[in-house]
Amino acid sequence: MSFGPSPTPSPFSPASASPLPPRPLGTDAPPTCEVPHFAPVRVRGGRFPLRRLVRHRRRAVAAGLAVTAAALVAAGPRDTDRARGHPAAEPVRDRRAVQMVTAPVRIADGATVRLLRPGDRVDVIAAEETSAGGDARVVARGVRVTKVPEALDDADDSGALVVLTVPRSAAARLVGASATARLAVTLC
């Protein structure tokens, strides 16, 4: 297609070049040629084909399960008024977070404290001695041991110290019970 006469020929194109008509579609591909014959490719590591087959089968099964789960979630029922996934009984914002505090507590039996390790869960029991006998009650249930400080050699009579992570309300009960009773722990 020409838009007018060219004022001067370009130094990069021949002056006598005439435009060729366009070729039909599909004729601009090069002619086919024959592929030379070559030896087959040998894969090394064929000593344990059964193990390799089992290992790849596990991967294939795992991938198939993941794709199936995704398809089931995508094809699930469509409710526009609620989000898909786990049903929300109540919004997360309505729940009040329990404030946890660390509380040092003196346990009456120092040998029992030496059995504890950080991360253990214990129940703290307050034992009050009265003239009619002993009365025991659980002050804190399932609290986590945070730290077990080194015991002093001369402090065997007064018990041993342990640091517990408890809810703020249980910390107040622990302090009150330690003032009036001897405290003991049991492992959960």
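What follows is calculated from the coordinates using simple rules that are stated; it is not laboratory data. Source: prediction; values computed, not measured. All Cβ positions, even for glycine, are placed from backbone atoms using ideal geometry, and neighbour counts span all protein chains on display.
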Q: Determine the relative contact order of region 116-187: mean sequence separation of Cα pairs under 8 Å and six or more apart, normalised by residue count, in whole percent.
A: 41
Q: Starting at the first residue of region 63-73, write each ³J(HN,Hα) from the Karplus equation 6.51 cos²θ - 1.76 cosθ + 1.60 with θ = phi - 60°, in whole Hz, x for Gly and Pro.
A: 5, x, 5, 5, 5, 5, 4, 5, 5, 5, 5
Q. Can you list residues whose amide H is under 5 Å from residue 159's amide H, if they're 5+ apart or on another chain and H is modeled 1.01 Å from N?
A. 110
**Q.** Label-to-label distance, nm, for residues given as residue 33 and residue 121 (7 Å Cα→Cβ offset)
**A.** 7.5
Q) For residue 147, what is the net charge nearby, where nearby means another residue's Cβ is under 12 Å from its Cβ and Lys, Arg count +1, Asp, Glu -1? A) 0
Q) What shape does region 116-187 have by the C-alpha gyration tensor, where a ≥ b ≥ c are the square roots of the eigenvalues, rounded means a/c under 1.5, and otherwise prolate means a/b greater than b/c and oblate the rest? A) oblate
**Q.** Residue-count net charge about residue 65 - beta-carbon cut-off 13 Å; Lys, Arg +1, Asp, Glu -1
**A.** +3
Q) What's the exposure ranking of 73, 43, 145, 101, going from fewest to most Cβ atoms within 10 Å? A) 43, 73, 101, 145
